[in-house]
């Protein structure tokens, strides 16, 4: 199914050509004032890691759907993308979550490297009979999904409530 879509290297090229970007600045630290809306954290999986990692996701279970909100407004640098990927993958691999809803409402900038993590997550979920839905994607970020034809690969909904009903 993925072979109909551009490879990770081609996504990077399309993204860079489209937006004329050559270097991504490091993401600033997340805002200190956050609402205490975290219902489930990834501390379980982080405790198994040899070194502590900063939590990049807010995770909440609504029924049998795991809703993930991103802490960072800018998901650009490789280290943060690696941490986010590990935390998302642990939801599936270690915590057995099968229905994931990624809410991008807080995200203003997303690098093409992050798209690769989302593709891997989607394939991982499909491999275990799960589903991934994305919602609240900024129009400029959504344009990248359209350019790369990933809007056809992912189930993308405008709002969280609509996305929850899509499961």
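The values are calculated or read from the model by the stated rules, or taken from the named source; none is laboratory data. The structure displayed is predicted, hence computed values, not measured ones. Every residue, glycine as well, gets a Cβ built from its backbone with ideal geometry; the counts of neighbours run over all protein chains shown.
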Inset, instruction - Scan segment 66-102 for residues that are buried (at least 19 other Cβ atoms within 10 Å of the Cβ), assigned to a loop (DSSP other than H, G, I, E, B) and at pLDDT 95 or above and jot them down. - result: 97
Inset, instruction - Identify all residues within segment 127-152 that are touching a residue at least 24 places away in the same chain (Cβ under 8 Å), over 14 Å from the mean Cα position of the chain (by Cα), under 22 Å from residue 99 (Cα atoms) and assigned to a helix (DSSP H, G or I); write none if there are none. - result: 152
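Among the listed residues 166, 113, identify the single one that is on the phi < 0 side of the Ramachandran plot and at pLDDT 95 or above. Steps first, please.
Working: 113 fails: at pLDDT 95 or above.
The unique qualifying residue is 166.
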Inset, instruction - Would you please name the residue that is surrounded by the most Cβ atoms within 10 Å (Cβ to Cβ), looking only at residues in segment 116-132 that are touching a helix residue (DSSP H, G or I) at 6+ places or on another chain (Cβ under 8 Å) and over 19 Å from residue 81 (Cα atoms)? - result: 130
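Would you check if residue 119 is assigned to a helix (DSSP H, G or I) and more than 10 Å from the chain's Cα centre (by Cα)? It would help to see each step written out before you state the result.
Details: assigned to a helix (DSSP H, G or I): yes; more than 10 Å from the chain's Cα centre (by Cα): no.
Spelling it out, it is not the case that residue 119 is assigned to a helix (DSSP H, G or I) and more than 10 Å from the chain's Cα centre (by Cα).
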